[in-house]
Amino acid sequence: VLLGGSPGIGKSTLTSMALGNLSGAGRRTLYVSGEESAAQIKLRAERLGEDALDVPALAETDLDAVIATLVAERPDACVIDSIQTMHCAELAAGPGSVAQVREVAGRVLRVAKATGTAVVLVGHVTKEGALAGPRVLEHLVDCVLQFEGERERTYRTLRALKNRFGSTSESGVFEMRAGGLVEVLDASARFVGEATGKPGSVVLAAMEGSRPLLVEVQALVSPSELVPPRRAATGIDRNRLALVLAVLARHGGVAVGASDVFVNVVGGVRVEEPGADLAVAIAVAGATRGLAPAGEKPVACFGEVGLTGELRSVAHHERRLAEAAKFGLAVVSPEVAPSLRAALRAALTPRGGMSEVGIPA
Ligand SMILES: Nc1ncnc2c1ncn2[C@@H]1O[C@H](COP(=O)(O)OP(=O)(O)OP(=O)(O)O)[C@@H](O)[C@H]1O
Ligand SMILES: [Mg+2]
């Protein structure tokens, strides 16, 4: 298993806790760290509780020593944190270089197969968020997991990018607490509870792998002095935002050409699916016009925005509907609104006299 994630996201915490749980279940474990000293590992384990303290730790960067320990100890599960810090003495290249990473991964793989050890390799990611190192790394392993979220936020999601022996659509949402990472079992409830329902806010019925997740999408539109105005997106793809803004202007009657637009998925969640388009459109339109959904509760939505102003269906329609129904939210989706304009009209109603313009029919 290869686990990737940006610095400080909690890779070491997650893997330490996983080994702790395994060791608590009577499995033999080993935690190899090339980044932290034994004292630092112990410090973290103390924070994570008893089981994590029981995990034997090895602070080592020399590959030969690590492999010798693996062969001698034959643990059931082993974490190598991180592959970029491991160093094979026979190669001249520095640790983290392509040659080193490839060699280290290859040798660890052979030993893992020979000893029957499940190995989790922790990998660094590049600035763009891709796994650092050679692509061959991703081919070598059985499973590639991505741990992401924003460091300052508490929510992090773990999702599978590749899985030889199972579905890649499983995912988990975790929250970083003092005692370690805690799985958030009902993230939807939390996000819906926090949703403001004000103009510029809408609930998106997203899919986190195979699980539906309700998240709040917020937009702020404010007059700009800048040419071109600012377009900032957190949690969604910038290109997707540009596309939605263009369609909104052309087919939705909402032009934001002279305004800064900020869009944010609350809670540090990243949504990378076309189903988020409609939420972005509704949030931006609501923010521009000062319109919010009528009624007490926020409106949930999902759907892909097409270039001709139509709404397109997205996968897992039923699951999204069921999740919204659980919280009693009205849903605007391609099934009830064929076009972006119809969806905007369904989701937004004039309120509080801020704007009486409405969305033109
Ligand atoms: N006492 C604490 N209470 C709450 N959160 C903490 C505490 N100590 C550490 N953290 C969180 O844990 C994070 C570090 O976790 P961890 O060391 O597992 O990250 P990492 O992904 O392994 O980082 P690196 O890439 O540097 O190895 C910090 O960014 C912080 O958010
Ligand atoms: Mg770490």
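Throughout, read-outs are computed from the coordinates displayed, never taken from laboratory work. Here the structure is a predicted model, which means the values were calculated and not measured. Cβ coordinates were reconstructed from backbone atoms using ideal geometry, including for glycine residues, and neighbour counts include every protein chain displayed.
Give the shape of the chain as rounded, prolate or oblate, defined through the alpha-carbon gyration tensor: a ≥ b ≥ c are the square roots of its eigenvalues, a/c under 1.5 means rounded, and otherwise the shape is prolate if a/b is larger than b/c and oblate if not.
prolate
Lysine pairs, Cα distance under 29 Å, 8 or more residues apart or cross-chain: how many in the chain?
Close lysine pairs found across the chain: 10.
How do ARG102, ARG320, ARG250, ARG211 line up, fewest other C-beta atoms within 10 Å first?
In increasing order of surrounding Cβ atoms, one gets ARG250, ARG211, ARG102, ARG320.
Which one of LEU241, VAL280, VAL266 is farthest out on the positive end of the charge dipole of region 216-287, using unit charges on Cβ (Lys, Arg +1; Asp, Glu -1) and the Cα centre as origin?
Comparing the listed Cα positions along the dipole, LEU241 ranks first.
What's the center-to-center distance, using Cα atoms, between region 186-200 and region 65-107 in Å?
45 Å
Using Cβ counts within 10 Å as a stand-in for footprinting exposure, how do SER188, SER224 rank, fewest first?
By the 10 Å Cβ count, ascending, the order reads SER224, SER188.
Work from the charge dipole of the chain (Cβ charges, +1 for Lys and Arg, -1 for Asp and Glu, about the Cα centre) and give the residue of ALA72, VAL203, GLY123 farthest towards its positive end.
Of the options given, the answer is VAL203.
If you place +1 on the Cβ of every Lys and Arg, -1 on the Cβ of every Asp and Glu, and leave all else neutral, what size is the dipole of region 188-347 about its Cα centre, to the nearest 20 Debye?
That gives a dipole near 160 debye.
Just to confirm the filter: which GluC sites (Glu not before Pro) across region 200-307 are DSSP coil and have at most 10 other Cβ within 10 angstrom of their Cβ?
Those that pass, being in a loop and sparsely packed, are GLU225, GLU296.
Among VAL120, VAL136, VAL202, which one moves the most in a GNM of the chain with springs linking Cα atoms closer than 10 Å?
VAL136
If the chain between VAL182 and GLU35 were fully stretched, how many nm would it gain, using 0.36 nm times the residue separation less the Cα-Cα distance?
50.6 nm
Could you sort the peptides 305-314, 81-90, 39-48, 284-293 by per-residue average Cβ neighbour count (10 Å cutoff), highest mean leading?
284-293, 81-90, 305-314, 39-48
Give me the extension gain from LEU226 to ASN21: residue separation times 0.36 nm, minus the current Cα-Cα distance, reported in nm with one decimal.
68.5 nm
Calculated FRET efficiency, LYS326 and LYS42, Cβ-Cβ r, R0 45 Å, to nearest 0.05?
For LYS326 and LYS42, the calculated efficiency is 0.55.
Within region 29-43, what residues put their amide N at less than 18 Å from the label point 7 Å along the Cα-to-Cβ vector of ARG107?
The answer is 32-35.
What number, rounded to the nearest 500 deg cm²/dmol, is the helix-based mean residue ellipticity at 222 nm of the chain, given -39500 (n - 2.57) per DSSP H run of at least four residues and division by all its residues?
About -9500 deg cm²/dmol.
Using the alpha-carbon atoms, what tilt in degrees (0 to 90, nearest 10) does helix 63-73 show relative to the longest principal axis of the chain?
Orientation of helix 63-73: about 80 degrees from the principal axis.
How much length is gained on full extension from ASP142 to ASP62, taking 0.36 nm per residue of separation minus their Cα-Cα distance?
26.4 nm is the gain from fully extending ASP142 to ASP62.
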